[in-house]
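Undergrad: Have a look at this one.
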Amino acid sequence: MLPTNFDTLASDNSDLRPVIARLKEWVERHADWSVLDPRILSKDLRDVDPFLLTVVLRGLVRIGLYRRVYMVETPSGVLADGEYDDPREIPDRVPDRAYHYFNPTETDVVPVYKPVR
């Protein structure tokens, strides 16, 4: 479950409150998700300036609510299991969700934001 207590960030950054509120609404509607994927957020929140969304995501990292990790997109377009603190840690072969291994250099490495537990 993704945390939704963004009040600290909103109180410290009043100019970002509208963006924080939109992100909070999105997170509440997707409570069963385990990470925030900026690619999906930018599609779902088209009315939010992508730069400001990035600023808010970095703010969530700064206040210790989330941390950035890297995941590998499978050839079918979903994120493979496995999170890496540094993209250089990604192995040469990565399993997709059906445990078919593929070369991660043939797909995208995606920075996502994971709640700090």
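Please treat every number below as a calculation from the coordinates, not as lab data. Being a predicted model, the structure only gives us computed values, none of them experimental. Positions of Cβ are backbone-derived with ideal geometry, glycine not excepted, and every protein chain shown enters the neighbour counts.
Undergrad: Nearest 10 degrees, 0 to 90: what angle lies between the long axis of helix 17-29 and the longest principal axis of the chain (Cα atoms)?
TA: 50 degrees
Undergrad: For the stretch 92-101, in order, what is each residue's ³J(HN,Hα) by Karplus, 6.51 cos²θ - 1.76 cosθ + 1.60 with θ = phi - 60°, in whole Hz (x at glycine and Pro)?
TA: Each residue's phi maps through the Karplus curve to give 5, 10, 10, x, 7, 5, 9, 6, 9, 7 Hz.
Undergrad: Output the relative contact order of the stretch 14-117, whole-number percent, from Cα pairs under 8 angstrom with separation of 6+ residues.
TA: About 30 percent, as a whole number.
Undergrad: List the residues, sorted by chain then number, that are 5 or more residues from R67 or on another chain and whose placed amide H is less than 5 Å from its amide H.
TA: K114, V116
Undergrad: Sum up the charges of everything whose Cβ sits under 14 Å from the Cβ of F102, counting Lys and Arg as +1 and Asp and Glu as -1, but leave F102 out.
TA: With Lys, Arg at +1 and Asp, Glu at -1, the net is -4.
Undergrad: I would also like to ask the following. So if R0 is 22 Å, what FRET efficiency would D32 and R67 give, r being the distance between their Cβ atoms, rounded to the nearest 0.05?
TA: Computed FRET efficiency for D32 and R67 comes out at 0.65.
Undergrad: A further question follows. When Lys and Arg each count +1 and Asp and Glu each count -1, what net charge do the other residues less than 14 Å away from N5, Cβ to Cβ, add up to?
TA: -2
Undergrad: How large is the charge dipole for the stretch 7-66, taken about the Cα centre, if only the Cβ atoms of Lys, Arg (+1) and Asp, Glu (-1) carry charge, to the nearest 20 debye?
TA: Value, rounded to 20: 140 debye.
Undergrad: As I understand it, the dipole of the chain uses +1 on the Cβ of Lys and Arg and -1 on the Cβ of Asp and Glu, about the Cα centre. Which of W33, A21, Y101 lies farthest toward its positive end?
TA: Farthest towards the positive end: A21.
Undergrad: Ok, one more. Rounded to the nearest 20 debye, what is the charge dipole size of the chain about its Cα centre when +1 sits on each Lys and Arg Cβ and -1 on each Asp and Glu Cβ?
TA: Once rounded to the nearest 20, the dipole reads 260 debye.
Undergrad: For every other residue with a beta carbon closer than 14 angstrom to the beta carbon of R17, add +1 if it is Lys or Arg and -1 if Asp or Glu, then tell me the sum.
TA: For residues surrounding R17, the net value is -3.
Undergrad: Sticking with this one: Between 0 and 90 degrees, rounded to the nearest ten: what's the tilt of helix 50-62 against the longest Cα principal axis of the chain?
TA: So the helix axis and the longest Cα principal axis differ by about 90 degrees.
Undergrad: Please give the contour-minus-distance gain from E106 to F51: 0.36 nm per residue of separation, less the Cα-Cα distance, rounded to one decimal in nm.
TA: 17.1 nm
Undergrad: For the stretch 39-44, what does the Karplus curve 6.51 cos²θ - 1.76 cosθ + 1.60, with θ = phi - 60°, yield as ³J(HN,Hα) per residue in whole Hz, taken in order and with x for Gly and Pro?
TA: Computed from phi, the couplings for the stretch 39-44 are 5, 6, 4, 5, 6, 6 Hz.
Undergrad: Using modelled backbone amide H atoms (1.01 Å from N, in-plane), which distant-in-sequence or interchain residues come within less than 5 Å of F102's amide H?
TA: V94, D96
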